[in-house]
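Below is one structure, written out as structure tokens, with a few remarks after it.
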Amino acid sequence: MSNVILAAPPQTAALDHGDLLAHDAVPASLISMRDIWKTYQMGAEEVHALRGVEFDVHKGEYLAIIGPSGSGKSTLMNLIGCLDTPTRGRYWINGKLVSEMNDDELARIRNQEVGFVFQTFNLLARASALHNVELPLIYAGVGSAERHEKARQSLTAVDLADRMMHRPNELSGGQRQRVAIARALVNHPSILLADEPTGALDSATSHEIMNLFERLHAEGNTIIVVTHEPDIAARAHRIISIRDGHIERDERTK
Amino acid sequence: MRLSAFWEAFRIAAASLRANKLRTGLTLIGVVVGVAAVIAVVTIIKGLDQTVASTFSSQGSTVFTVSKLPQIILSREDFIKANKRRDVTEGDAEAVARLCTACWRTGVAARSASVVKYGDQKSEDVPVRGVTPSMFDIEDIDIDAGRPWTASEDQAAHDVCVVGVDLLENIFGGQAPERAVGREVRIGGRPFEIVGVAERLGTIFGFSRDNFVLIPYPTYRKMYGTKASLFIHIQVETAAELEEAQDQVRAIMRTRRGKTIRDEEEGFALETQDVFLNLYGKATSNIYLVTIGVAAISLVVGGIVVMNIMLVSVTERTKEIGIRKAIGARQKYVLTQFLIEAVMLTAIGGLLGVISGFLLAYIISFLAGFPLLLSLWSAVLGVSVSSIVGIISGLWPAWKAARLDPIEALRAE
């Protein structure tokens, strides 16, 4: 865990959204961030990676988060994905207040509510595609027969029914990313969180993966893509731009 | 921890060990050596115990001996002191036989060694003992073929002998005992007639007990003279009389050597078979202690090696741990996964140790000729102890893995 340094944010940040209800009642939206600060201690200096970020995401949205490197984009992604907790502020996902959770509770939320898709796929090299997809179900305690069936369905949904027993090194980049997407979806999470999902792929394959995201969105999944590529962001229906730890723009594009 | 997650941890541990076979093997050496040493020693000593018990109980605790030198001398000082003693003589033996009322049988034996020849076949350094006829009863020597010498042959100092079965192999080319009876051999150049062949006694600690020649004591005296000190063998009827008989013999011998009550040095050695059993017990318990020490050291070293390898394994698989944590593995799960890997590692080591320990014991017992007694509890103990070593040395690396920050871990290559 990072050192938690409580830096006093400007009072106005809280007053601007003097929405007391948001602090006291559980919000109705799928994701709800209120006055989120993340501060790192770098030697003697405090670095504010996020300075009072606030936004809501509703079920079924297709959202892109963009920003240059160092903007706080990655920090925000880690918070959304429940890999980390904010220094200050509140974060609800699906009605659960994750900003106050401990490591094991966060692990549970990651397992149940978040499906990760990473730039470098992050598949287990020694395991088959099927086993990689089964992994979240193993941690969810799903029995083996049901697990097999669900993983099979998930892989079929990304058109990899004929590659189930292949290991990652026997698959192309696009296929690997589809395995990762199948893994992310297998537990029916509240959000699909993709970090530069096409960063390691050629343009044709990128196109194919983005089409898959569109299809998944059409099927009702909530998708958040973190990227620095404008044309990838342009596929989303809403774009949040981050700069210097703030939300610079939050615009609906479709 | 749910069963599915536990089984996954098991699978991953096995796969990881399989993927690094050479490393796994090298890591295990310490544990294998430690466990193998204990298993081999425990097994060998159990086999020895059996041999010793059956060998010594056949003579029982009704026999004791009087001699100049004790059968076991543990220090140079004792040796020098014992050598200054007067020889045990025929006079001593007669006195004991006459005066000891608690004694049942008394026999005399004198020892030497000679070359035994038959035709152009010969056997060097064969122990030759001149014994009185009562020794056949005292030492419970059974005759397999032929007969013991008669009382008249004894009195007349005839050149007759009873031989052990080793001699049949060494100079008669392995002929049946019956065929050796009646033949003439040369003992120290003097012709002797074989009148009997003793029954096979077998081996102890790998040494044969069947390489000997027995001749009548009068014949022995004629051949070798009366210079050497004798051995008086005394048997009591029941073990209950042993102490009384020993007291009487001690008193007789002390008197004959002019020792008073105040003299600490008795001037002779009076011993039972217990001397061997005591020494044996002391020796084996020392061997046990040394083995436990060796095993403890190699298990500690083995444990440190396992810990080191587990730390390497955690570092190598930081990324994997990050992935697992990102998709929902809790700390307890990661901890268990690495603990299982460490325990599996050392349990395999323990198992290999048990197998190689038994193999080693088998080879040694086969070569030395004593029974092999495999005991289940030593195998169970070997595997359990090594598993505990696994838990102890795996704990810290596993805890480190469990505490990894998923963000940092995912960033690792």
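Figures for the structure shown
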read-out: Positive minus negative residues near B:GLY146 (Lys, Arg vs Asp, Glu; Cβ under 13 Å); value: -3
read-out: Net dipole in debye of the range B:60-272 [+1 Lys, Arg Cβ; -1 Asp, Glu Cβ; about Cα centre; nearest 20]; value: 920 debye
read-out: Reachable aspartates and glutamates from A:LYS150, criterion Cα separation under 18 angstrom, eight or more residues apart if same chain; value: A:GLU113, A:GLU134, A:ASP159, A:ASP162, A:GLU219, B:GLU8
read-out: The range B:291-334-the range B:385-413 distance, computed between alpha-carbon centres (Å); value: 5 Å
read-out: Using a Förster distance of 60 Å, the FRET efficiency for A:ARG252-B:SER384 (Cβ separation, nearest 0.05); value: 0.35
read-out: Within the range B:175-216: backbone nitrogen closer than 16 Å to the B:ASP159 label point (7 Å, Cα to C-beta); value: B:182-195, B:214-216
read-out: Per residue, in Å², the accessible surface of the range B:60-272 once ligands and nucleic acids are set aside, probe 1.4 Å; value: 51 Å²
read-out: Debye log10 I(q)/I(0) at q = 0.23, 0.24 Å⁻¹ for the range B:58-130, Cα point scatterers; value: -1.13, -1.15
read-out: Peptide-level mean, for A:131-138, of C-beta atoms on other protein chains within 10 Å; value: 4
read-out: Within the accessible area of the protein assembly as shown (1.4 Å probe), percent carbon and sulfur; value: 56 percent
read-out: Rel. contact order, % - alpha carbon contacts under 8 angstrom, at least six apart, chain B; value: 29 percent
read-out: All aspartates and glutamates inside 13 Å of B:LYS282 as judged from Cα atoms, apart from same-chain residues fewer than 8 positions distant; value: B:ASP49, B:ASP274
read-out: Normalised alpha carbon radius of gyration of the protein assembly as shown [divisor 2.2 N^0.38 Å]; value: 1.70
read-out: Exposure ranking of B:ARG147, B:ARG403, B:ARG317, B:ARG105 by accessible area [1.4 Å probe, largest first]; value: B:ARG403, B:ARG147, B:ARG105, B:ARG317
read-out: Of the DSSP H helices in chain A, those whose Cα atoms cover at least 20 Å axially and whose Kyte score averages -0.5 or more; value: A:203-218
read-out: Cα-based Kirkwood hydrodynamic radius, the range B:60-272, one decimal, Å; value: 18.3 Å
read-out: Span from the the range B:184-247 Cα centroid across to the the range B:122-151 one, whole angstrom; value: 6 Å
read-out: Interface area, A with B, accessible, probe 1.4 Å, both sides summed, Å² nearest 100; value: 2300 Å²
read-out: Average Cα contact separation per residue, the range B:135-256, under 8 Å, 6 or more apart, as relative contact order %; value: 30 percent
read-out: Relative contact order (%) - chain A, alpha-carbon pairs under 8 angstrom, separation at least six; value: 25 percent
read-out: Whole-percent pair-distance distribution, where bins are 20 Å wide, for the alpha carbons of chain B; value: 21, 35, 22, 17, 6, 0
read-out: Spin-label model distance (nm) - B:LEU99 vs A:GLU105, 7 Å beyond Cα toward Cβ; value: 9.7 nm
read-out: Computed lengthening from B:LYS122 to B:GLU316, 0.36 nm per intervening residue step minus Cα-Cα distance; value: 62.8 nm
read-out: Disulfide-incompatible cysteines by the Cβ rule (no partner under 4.7 Å) in chain B; value: B:CYS161
read-out: By accessible area with a 1.4 Å probe, ligands and nucleic acids excluded, highest first: order of B:TRP377, A:TRP37, B:TRP104; value: B:TRP377, B:TRP104, A:TRP37
read-out: The range A:51-99-the range A:151-216 distance, computed between alpha-carbon centres (Å); value: 23 Å
read-out: Debye intensity ratio I(q)/I(0), log10, the range B:153-216, q values 0.19, 0.25, 0.29 Å⁻¹ (C-alpha model); value: -0.70, -1.09, -1.31
read-out: Whether the range A:100-254 is rounded, prolate or oblate, judged on the alpha carbon gyration tensor where a/c under 1.5 counts as rounded; value: oblate
read-out: Within straight-line cross-link reach of B:LYS319, aspartates and glutamates at Cα separation under 15 Å, skipping those fewer than 8 residues along the same chain; value: B:ASP405, B:GLU408, B:GLU413
read-out: Pairwise FRET efficiency - A:MET165 versus B:ALA15, Cβ, R0 = 22 Å, nearest 0.05; value: 0.90
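The values are calculated or read from the model by the stated rules, or taken from the named source; none is laboratory data. Remember, it's a predicted structure, so these values are computed and weren't measured experimentally. Backbone-built Cβ (ideal geometry, glycine too); neighbour counts: all protein chains shown. With ligands, DNA and RNA removed, areas are computed over all heavy atoms of the protein, side chains included. Shrake-Rupley method; radii C 1.70, N 1.55, O 1.52, S 1.80 Å.
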